[in-house]
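Notes to accompany the following structure.
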Amino acid sequence: MQQSVHDIVAQDEQNGIRFSWNVWPSTRLEATRIVVPLGCMYSPLKRIEGMPPALPYNPVRCSGCGAVLNPYCQIDFRTKLWNCAFCMTRNHFPPYYAENITEQNLPAELVPRFSTVEYELQSGDAGQPLFLMIIDTCTALDDELDHLKDSVQQSLNLLPQNALIGLITFGTNVQVHDLSFADCPRSVVFRGTQEYGTAKIQQLLGVLGTANQAQGGANGPSNQAGGAGGSTVGRVPAIGKYLMPVEECSFVLEAILSDLSRDPWPVPSDKRHSRCTGTALSVAVGLMETAAPQRGARIMAFISGPCTVGPGVIVSQDKAENIRSHTDLMKNQAKHNKSATQFYAGLAERCVAVNHLIDIFACSLDQVGILEMGVCCKRTGGSIVLCDSFGQSVFKESFRRIFRRYEESIPGEGGHMQMGFAGQIQVYTSREIKISGAIGPCSSLKRPAPNVAEVEVGEGGTNVWSMGGLDPSTTLAFYFEVANSQSQALPAHKRRMLQFMTQYQHSSGRYRLRVTSVCGLWHTDPNDLGGLGRSFDQEAAAVLMARLAVFRAETEEQSDVLRWLDRSLIRLGAKFAQYRKDEPSSFRLSPEFSIFPQFMFHLRRSQFLQLFNSSPDESTYYKSVLVKENVVHSLVMIQPSLICYSFNGPPQPVLLDAASVRPDSILLLDTFFHVVVFHGETVAAWRAQGYQDQEEHVNFRRLLLAPQEDAQLIMDARFPVPRYIVCDQHKSEARFLMAKLNPSITHNSTNPSAGQAVFTDDVSLRVFMEHLMKLAVQS
């Protein structure tokens, strides 16, 4: 690959961005022929080494299009003017720039290596973020609730002491706890079977609405009357009553949590718990809309079962009715699915309108309704954590890592939480490019602009998206189209420009704006595909295709999505491979494309496109993580990594293949969601005989410990925390490894070599590639 033209790694390290194609076709017709969409994976808050601390002034913007001053703008130092790289408008520098700027004295945003900079906006302080905890008290066992209470109490030490916190508990009914009253527990109870509007919530809680809070400060709440929620006499702001600083209410909150017990309402043996999850979330959203619109706020719901009463019901209380399955959904027999999905989508819209986010921690052996509730997290930028119990490390560690902080040594960031709030991202493009849409934890704000394409992909129809929450690993996939419909290519000196502007509330309470400006080349010779092919980033392209496949799977049949993937791969091979017509043996892919078919093979077999062996909730969870993570983590989900440990040498990566399973070795599998240590049959027998405890077999002890230590390193740096599995060959949990392997050896193999047979009718990678070569080269 021509690193002088485009360096994929450097681009990612400098700007947190990776393109599927680093050189773009210059006409719309040519862009449709390269098969893989023009797009990029962008991490707005990626930690960039060497980036200057947040600049303590507002950015200089173009008077024509609004783009921000960047290193690609033309500067006239004599007249103190600058030309916008996007619309070519000539702009005057502000006086404080014009007085000091020279070729030797440049502001940070004009230094070529700082194509990504961050500004601390001088528009005032937004205040500390808000956290509202929603606790489900309908747990199956007292121990479950005790584990949850313990985790929530520990989180009080992880939050900034001036952050605001609130507490809602729910079971048959919903309780909003008053944290300002220390003499005894006091709460407002909402009926679980009823849906409440924002005005009604304000009235029952006795708090001021958004429109009244500013007036209340001047005139006093007793002078207010009327409005949608009725009289406001005696009402107070929600902040200071139901939402209070941690340092002021920690004693009251811990007392409430200590006394909290399981829902007292009796449950017959043939009935499910009366659980009003929908009402609890609705009350929480209404409270936050009232207390802090357009301010960083996080609603964190801890759920131990499906909603059975009130709005958003997933399944009835009668245990005779089973919770919906994939088969029920395909046959349109899931009677609650449509209404529940619409209800939770409405909650998501309300959160998007005020820039808040919802996290869901679902810990249950049964489904809890993630399929329906997932839209609340997906559209607001929240996280989903799914596991079996609140006592598992998967939940405890994942919840703790939500509150991770930057190291004290990082200038401008030290000690602050890594999470950002109330984000918006806007994309500027040069005139030859239009934005089709974005796929990720965001929501379209439907703002029309000249650079918005007519054909939408994902969240489209806009160049501005809302993100209620984001962190350094949050990654969005953007899809573009070439606007040049002329048959002739663009001039060779032309460059394409993109600028991503992410405004968000920093955990310190200040507003920040991160600006990433990227310049790239156009491909001007349609007869020579060499330059275009050498610019292909097969890793970023695989993840962009995966996100697009997952998005299409929401509205299309699974078979149609798989057929689209197959046809795209065949067309790509026919376009960029070297071969002779009708001779499959002559088919050759260049290094830039060589691993891409392998990624597509594993994507077809993955839990993202295959429904077998996973519930609707699990499928939604896996997809929600895929569309939020960066390229490296997404590739691990698509094609897991496999490392072999043996006495034959140091640990080394091996093929994700049945032939890699050997009785005298240990395998470490990382699927992102699971970390599996797999002992071969012989190793397991040695361990059972206790050889590792004998001094003369110290090397065997080290062999057993090495994959466990590496597994711990993997889990220490990951969110959500993966499930850790230790298993032996031919045992039940070995299925976690065997299901991911390429079935090169099956029960039908006539001459099995070293390795273990996989009992499946799926085709192997070799057969898949043979069919690809045959179809790509045919006339």
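How big is the Kirkwood radius of region 361-493, worked out from every pair of different alpha carbons and given in Å to one decimal? Value: 17.7 Å, from the Cα pair sum. With all protein chains kept in place, the per residue accessible area of region 71-116 amounts to 59 square angstrom at a probe of 1.4 angstrom. When only alpha carbons are used to place a centre, region 474-497 and region 277-305 end up 41 Å from one another.
What's the carbon and sulfur percent of region 569-721's accessible surface, probe 1.4 angstrom, rounded to a whole number?
C and S atoms contribute 52 percent here.
All Cα-Cα separations within region 73-131 were binned at 10 Å from zero, giving a P(r) of 17, 41, 25, 12, 4, 0, each value a whole percent of the pairs. Bridges between two residues of the chain, per DSSP, are antiparallel at a rate of about 70%. Values of log10 I(q)/I(0) for region 1-134 across q = 0.11, 0.18, 0.20 Å⁻¹ run -0.58, -1.18, -1.29, by the Debye formula with one identical scatterer at each alpha carbon and no solvent. Where a ≥ b ≥ c are the square roots of the eigenvalues of the C-alpha gyration tensor, would you call region 320-369 rounded, which needs a/c under 1.5, or, failing that, prolate if a/b is larger than b/c, or oblate? Oblate, since a/c reaches 1.5 and b/c is not below a/b. Take region 638-732 with all the other protein chains still there, run a 1.4 Å probe, and you get 48 Å² of accessible area per residue. Ellipsoid fit via the Cα gyration tensor, region 433-490: semi-axes of 25, 13, 8 Å, each the root of five times an eigenvalue, largest first.
Taking label points 7 Å from Cα along the Cα-to-Cβ direction, GLU408 and ASP693 give a separation of 4.4 nm. Sites listed here are trypsin sites (Lys or Arg not before Pro) in region 665-741 whose DSSP assignment is loop and whose Cβ has at most 15 other Cβ atoms within 10 Å: LYS731. Annotation: lysines with alpha-carbon distance below 23 angstrom to LYS446 (same-chain offsets under eight excluded): LYS378, LYS434, LYS628. Got the relative contact order for region 405-489 handy, in percent, Cα pairs under 8 Å and 6 or more residues apart? For region 405-489, the relative contact order is 34 percent. For region 615-684, the list of GluC sites (Glu not before Pro) that fall in a loop by DSSP and count at most 15 other C-beta atoms within 10 angstrom is empty. Scoring 486-498, 594-606 by mean Cβ neighbours within 10 Å over their residues and listing the highest first yields 594-606, 486-498. For region 480-530, the relative contact order is 37 percent, taking Cα pairs closer than 8 Å that sit 6 or more residues apart in sequence and dividing their mean separation by the residue count.
Per-residue ellipticity at 222 nm from helix content only, as computed over the chain with -39500 (n - 2.57) for each DSSP H run of at least four residues, stands at -9000 deg cm²/dmol. Separation of region 595-652 from region 143-197 is 37 Å, based on Cα centroids. Of all aspartates and glutamates in the structure, the ones whose alpha carbon falls short of 15 Å from that of LYS200, not counting any fewer than 8 places away in one chain, are GLU289. Only the Cβ atoms of Lys and Arg (+1) and of Asp and Glu (-1) were treated as charged; on that basis the dipole of the chain about its Cα centre amounts to roughly 2120 debye. Scalar couplings 3J(HN,Hα) for region 174-191, obtained by applying the Karplus form with A = 6.51, B = -1.76, C = 1.60 to θ = phi - 60°, are 10, 10, 9, 8, 7, 8, 8, 9, 8, 5, 7, x, 9, 8, 9, 9, 10, 5 Hz; x denotes Gly and Pro. The amide H of SER744, built 1.01 Å from its N in the peptide plane, has ALA658, ALA659 as neighbours under 5 Å, considering only residues 5 or more places off or on other chains. Taking all protein chains together and a 1.4 Å probe, the residues HIS92, HIS273 rank HIS92, HIS273 from largest to smallest accessible area. 3J(HN,Hα) along region 356-363: 9, 10, 10, 9, 10, 10, 9, 10 Hz, from the Karplus curve 6.51 cos²θ - 1.76 cosθ + 1.60 with θ = phi - 60°, whole Hz, x for Gly and Pro.
Bridging of LYS623 to aspartates and glutamates at a Cα separation below 15 Å is possible for GLU372, GLU554, once same-chain residues fewer than 8 apart are set aside. Could you tell me which of rounded, prolate or oblate describes region 540-651, using a ≥ b ≥ c as the square roots of the eigenvalues of the alpha-carbon gyration tensor, with rounded for a/c under 1.5 and, failing that, prolate when a/b is larger than b/c and oblate otherwise? Verdict is oblate for region 540-651.
Taking only alpha carbon atoms, region 650-765 gives an Rg to Rh ratio of 0.99, where Rh is the Kirkwood radius. Along region 445-458 the Karplus relation, 6.51 cos²θ - 1.76 cosθ + 1.60 evaluated at θ = phi - 60°, assigns HN-Hα couplings of 8, 6, 9, x, 7, x, 9, 9, 6, 6, 7, 8, 10, x Hz to successive residues, with x for each Gly and Pro.
Let me cross-check ARG262: its accessible surface, 1.4 Å probe, with only protein heavy atoms counted, in Å² to the nearest 10? Roughly 80 Å² of ARG262 is accessible to a 1.4 Å probe. Placing one equal scatterer on every Cα of the chain and applying the Debye formula, the log10 ratio I(q)/I(0) at q = 0.06, 0.10 Å⁻¹ is -0.42, -1.15. Residues whose amide H comes within less than 5 Å of that of GLY192, counting only those at least five positions distant or on another chain, are VAL174 (H built at 1.01 Å from N in the peptide plane). Each 10 Å bin from zero holds the following percent of Cα-Cα pairs in region 1-66: 16, 30, 36, 16, 2.
Over all directions, the average projected area of the alpha-carbon convex hull for region 343-435 comes to how many nm²? Computed as one quarter of the Cα hull surface, the answer is 9.4 nm². Under 5 Å between amide hydrogens, built in the peptide plane, is the criterion, and for GLY468 it picks out GLY381, GLY423 among residues at least 5 positions away or on other chains.
The values are calculated or read from the model by the stated rules, or taken from the named source; none is laboratory data. Bear in mind that the values here come from a model prediction, so they are computed numbers and not experimental data. As a convention, Cβ positions derive from the backbone with ideal geometry for all residues, glycine included, and neighbour counts pool all protein chains shown. Calculation scope for accessible area: heavy atoms of the full protein, side chains included, ligands and nucleic acids excluded. Shrake-Rupley method; radii C 1.70, N 1.55, O 1.52, S 1.80 Å.
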